[in-house]
Structures are given as structure tokens and as C-alpha cells.
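The values are calculated or read from the model by the stated rules, or taken from the named source; none is laboratory data. Worth saying up front: this structure is predicted, and the values here are computed from it rather than measured. FYI the Cβ positions are ideal-geometry reconstructions off the backbone, even for glycines, and counts take in every protein chain you see. Surface accessibility is based on the protein's heavy atoms, side chains included, excluding ligands, DNA and RNA. Shrake-Rupley method; radii C 1.70, N 1.55, O 1.52, S 1.80 Å.
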Amino acid sequence: MVRTYEEELQYLQKYNNKWIIKKGFVPNMKTEGVFYVNESLEKLMLDELRMSTKPGGIGGFLPGVKQIANVAALPGIVGQSIGLPDIHSGYGFAIGNMAAFDMDDPLAIVSPGGVGFDINCGVRLLRTNLFEKDVNPVKEQLTQSLFDHIPVGVGSKGIIPMNAKDLEDALEMGVDWSLREGYAWAEDKEHCEEYGRMLSADPSKVSMKAKKRGLPQLGTLGAGNHYAEIQVVDEIFDKQNAAKMGIESLGQVCVMIHSGSRGFGHQVATDALLLMEKAMKRDKIEVNDRQLACARINSEEGQNYLKAMAAAANFAWVNRSSMTFLTRQAFAKTFNTTPDDLDLHVIYDVSHNIAKEEQHLVDGKLKRLLVHRKGSTRAFPPHHPLIPVDYQLTGQPVLIGGTMGTCSYVLTGTETGMRETFGTTCHGAGRALSRAKSRRNLDYTQVLEDLANKGISIRVASPKLVMEEAPESYKNVTDVVNTCHDVGISKKCVKLRPIAVIKG
């Protein structure tokens, strides 16, 4: 039975910036759903839901609210199915949807749709001892140097020498491979989530097709929403926490790198989805949306996916480490000095698309959970044993990439987030327009002109793809960040403004 928009709203309950999705909104919900939005973002969520109740719907995609609810119907879910403020429709899970599953429940599942196709797509932030006044005279030269050093665009090929044996080692070792080969500094590893290596990785669980796709792409940015940006510190909200990260002054120059596991991770996800559809029939697993294909965590398919996913996560860390190496080269060349003299240190590296075993308190008991974070960021509080010594007093740094030409943020994790969202917060701005709609509605020459008027240098491999990534295509990242800050699931630390953008 198709419900009207007004009937759908009966299942939603608002508490300030938090909305509860009651059981019964979709069939078989095991728990409630929840999503966090302020008034500006709320309109986008509800408009999407309203459109889906009209004839023709929203082009085959389920609205984010429905996707959160469908995840709440998956076997073994613990707590609520949670939507962060940057949430928008995705494959299976919405992008910006996280959920945790009880690893000791034999019925609990793992779903590739809860990780995404770009496994361990994430963000890395480097600081420098340069200021905007140092960069401005050579900004075009530096931007071009970055563009020349980092391969970008669809089908781009890496320049880091790698053969099949190197790839196997990189998949198993993650950042440790980059260290061994001289493409990373020892302290880089300390400032990566999971220390840049998932120990559960097993390259033998990865198909030859995935390895062939990945081999030429290591050390490449790719296209879409991936970028490297030169940014300046625009605002400091928490001086003490910022200082712990080496950010002490307005105008200080940083570099943000946003990329993932490229075609390698995409193939790992595709391979797993095909196998899981068969496993679902065998184990009689029923889901509300076939895109939520899944397998029992402890099944052969579930374990094989988790081992292959970990290998793809390691690939992504090596990829970002390789681009860090190339970024250091570009800066050193432009300023005729060494990366060390420029203080080009990694502040942190976070994952946006990943599933990990973690321990969390649930109803007063410590449980082993498989936490799926898709388009969302781990945000552990101060004193958590899994964050670096440097950040024990601040909480984990959380890197929120904004839209091209607007701003990005650094947040820190909180105890409230640990209790309410399993230590999870937003990951970026989140799309407001589909890529197709962006191409129809926007003119790429206007987008490039707007960036130039803001004093932002840009180098892009495919100018027409810029329309898909224009600020108008996304939610307001400040609204997203303020929502997370106001509800207490993460805390604002630093705002960064771009002065140069490299894109595919």
C-alpha cells in the first residue's frame, strides 16, 4: 500500500535537531531510525520524502529517510540506524548512514552497501609552516606543480613504481608498505585511523580483476568529488585543541587530500555483492531493498568480504600516502627546500567508508560490534585507547571536506557522540542535487569564473565535470557541521578556506 506524504510524517517525530523514525515506517524494523538535521537541512530531507510519494518518485532512488529505516530492519542491528546531517540517497545504505551489528549474534549481517563502493574513501590533512602571504606570490606555480605531480581524472595512472608483488604487499601492509618503500614518514602512521593498516586484510580473498584494476591506479586522485586542496586557516574555535594539531595561527597553510581505493575498491564491492545475493537465498535472509545484499558476519561470504574490504582499505591508505609523498615533492620544488623544513606533517587521516570491529557500551554492557560507516566519520572522544597519544586530551581529529570553493572543517570527537552515535559524525557537505541535475542546471564556465573571483586557483582534468562538484550541488557544509556541534556528537575546532583546488 502506498502512503501519502502526510501518512509518512505520522511515523516521524522531531526533537530539536533530532528526528526519530518510528518502527512500522517500513516493514520488519528491528529498531528505530534517527537522523540529525537543523531547520535548513530538514527541508531537503522532507522534500526528498515528499517527492518519493508522488507518481514517478525520485528516479529509482529511495529517499534517505526510507533508507535509514530499511537499515533498521537488517538482522542483528544494535541501537538505532543513524543518519548524519550530510545524508543523501546512496546504494543500499544512504550516504551518511551508520549502523552497528552484534558480532556475537549468529544472525547479524555485514552489507557492502553499508560501506560503499569506494572503500576507505577518506580525507588526510597536512599542515605547513607557510602562511597565505608566502603562497600567494607563487600560488599559480604551486597549483600547477601539484597538478603535475599528482595524476588526476578518470582512468589516471599512477607514477609510483609497482609490480604485482608490490601490490600484494601493499594490500597486506597498508602504510607500513609506504614506509618500507620510502614514500611515508614514520610519524605519518601514528596519525592515521587504524595506524594506516587493517591487520585482517587478506589479499588472497581479492579477485584478480580487482587487482588488475588497482595496479595502475596507486597514487592517483581519480575524479568525481575527489580533490587535493591548498587551504588556509580561516577560523579557530578551540585554540588548545588546534595547537595540539600544530595549527596555531590564522592564515596558516594546510593541504587536504580526499581520495579512496579507486577501481580496486569498487571491484571488491561488486564481487562481494554478487556472492552475497546467493548467500541470502541459501540462508533465507530477507531485506526490504535488494541493494542491501548482505551475508551473516560469520559466514564464509561475510568473512571473505571483510578480509577483502580490509585489503581495499589498506590500498586507500597507501594511495593517500603516495599522494602525500607527491605533495611534499611539489611543495619542496616550488619553495626550493625540503618537506621537513616546510613542516609538511600529517595532522590526521580519516576513513569515510568502512566497516570495523569495535567495542561499545550497549545498555550498560560492553559488546563487540561491526560498525558500518558509510559517508560518515569515526569521532572517538578524549582518552579513547584507539586514538594517538598526541590526541588523547583533544579527542580524535575529524576532517570534514567541504564543497569546492567554500570551506572545510576540523572537528574533534566527544563523549556524547560515543553514547549516541557509536562515536560517529558527519563526513562532508552531502549532495543536494544529483550529478545529472547539476550538469543540466549549471554552466561549467560560470563555476570556474566564480572560483576565480574568489581568488581560488584551479586545475582540473575534465572542466565539464566541474558542474557536478559546484557548491550549488551540495548542502551547506556549515549547516552540517553546526548541526553536529549543536547536538554534541562532535565539536568544532578549525575552519579552513581553499585557495587552490586540484580535481579530476
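Worth pointing out:
- Binned Cα-Cα distances of segment 199-329, short to long, each 5 Å bin given as a whole percent: 2, 10, 15, 15, 13, 13, 10, 8, 8, 5, 2, 0
- Figure note: 9, 274 ranked by solvent-accessible area, largest first, 1.4 Å probe, ligands and nucleic acids not counted: 274, 9.
- Peptides 480-490, 290-300 ranked from most to least packed by the mean count of surrounding Cβ atoms within 10 Å: 480-490, 290-300.
- Mean Kyte hydropathy of -1.0 or more with a Cα span along the axis of at least 30 Å, helices from DSSP in the chain: 262-283, 300-335
- Entry comment: accessible area of segment 329-465 is 40 Å² per residue, from protein heavy atoms only and a probe of 1.4 Å.
- The three principal axes of the C-alpha atoms in segment 258-326 carry coordinate ranges of 49, 22, 14 Å, sorted with the longest axis first.
- Fully extending the segment from residue 338 to residue 200 would add 46.1 nm, taking 0.36 nm per residue of separation and subtracting the current Cα-Cα distance.
- Per residue, segment 61-155 exposes 26 Å² of accessible surface when a 1.4 Å probe is rolled over the protein heavy atoms with every protein chain present.
- Summarising the label geometry, the points placed 7 Å from Cα in the beta-carbon direction at residue 22 and residue 361 lie 3.0 nm from one another.
- For residue 235, nonlocal amide neighbours, meaning residues 5 or more places apart or on other chains whose placed amide H falls under 5 Å from its own, are 495.
- The share of Cα pairs per 10 Å bin across segment 205-276, counted from zero up to the longest distance, runs 17, 30, 21, 18, 13, 0 percent.
- Set of segment 376-391 residues, backbone N closer than 18 Å to the point 7 Å along the Cα-Cβ line of residue 238: 377-391
- Placing R0 at 45 angstrom, the Cβ-Cβ distance between residue 14 and residue 131 gives a FRET efficiency of 0.50 after rounding to 0.05.
- Computed from point charges on the beta carbon alone (+1 for Lys and Arg, -1 for Asp and Glu), the dipole magnitude for segment 165-300 about its Cα centre is near 860 Debye.
- Whether segment 318-473 is rounded, prolate or oblate, judged on the alpha carbon gyration tensor where a/c under 1.5 counts as rounded: oblate
- Taking every protein chain into account, the 1.4 Å probe leaves residue 325 with about 50 Å² of accessible area, to the nearest ten.
- The lysine pair count for segment 1-147, using Cα distances under 24 Å and pairs eight or more places apart or on different chains, is 20.
- Net charge of Cβ neighbours under 11 Å - reference residue 191; Lys, Arg +1; Asp, Glu -1: -3
- Extended-chain gain in nm, criterion 0.36 nm per residue less alpha-carbon gap, residue 368 and residue 3: 127.6 nm
- Cβ-Cβ FRET estimate between residue 453 and residue 154, R0 fixed at 25 Å, reported to 0.05: 0.35
- By accessible area, using a 1.4 Å probe on protein heavy atoms only, the chain has 51% of its surface on carbon and sulfur.
- Among 182, 408, 476 - extreme Cα towards positive end, dipole of the chain, charges at beta-carbon: 476
- Charge dipole (debye, nearest 20) of segment 386-473; +1 at Cβ of Lys and Arg, -1 at Cβ of Asp and Glu: 360
- Put a dot 7 Å past the Cα of residue 138, heading toward its Cβ, do the same for residue 486, and the two dots end up 4.4 nm apart.
- Taking amide H as placed 1.01 Å from N in the peptide plane, residue 183 has no amide H partner under 5 Å among residues 5 or more places away or on another chain.
- The overall shape of segment 1-50 is oblate: from the C-alpha gyration tensor, with semi-axes ordered a ≥ b ≥ c, the ratio a/c is 1.5 or greater and a/b is no larger than b/c.
- Take residue 370: with every protein chain present and a 1.4 Å probe, its accessible area is about 0 Å².
- Cα-centre dipole for the chain with unit charges at Cβ (Lys and Arg positive, Asp and Glu negative), debye to 20: 1160
- Positive-end extreme of charge dipole, segment 290-351 - chosen from 309, 345, 292 (charges on Cβ): 292
- Segment 35-181 shape via C-alpha gyration tensor axes, a/c threshold 1.5: oblate
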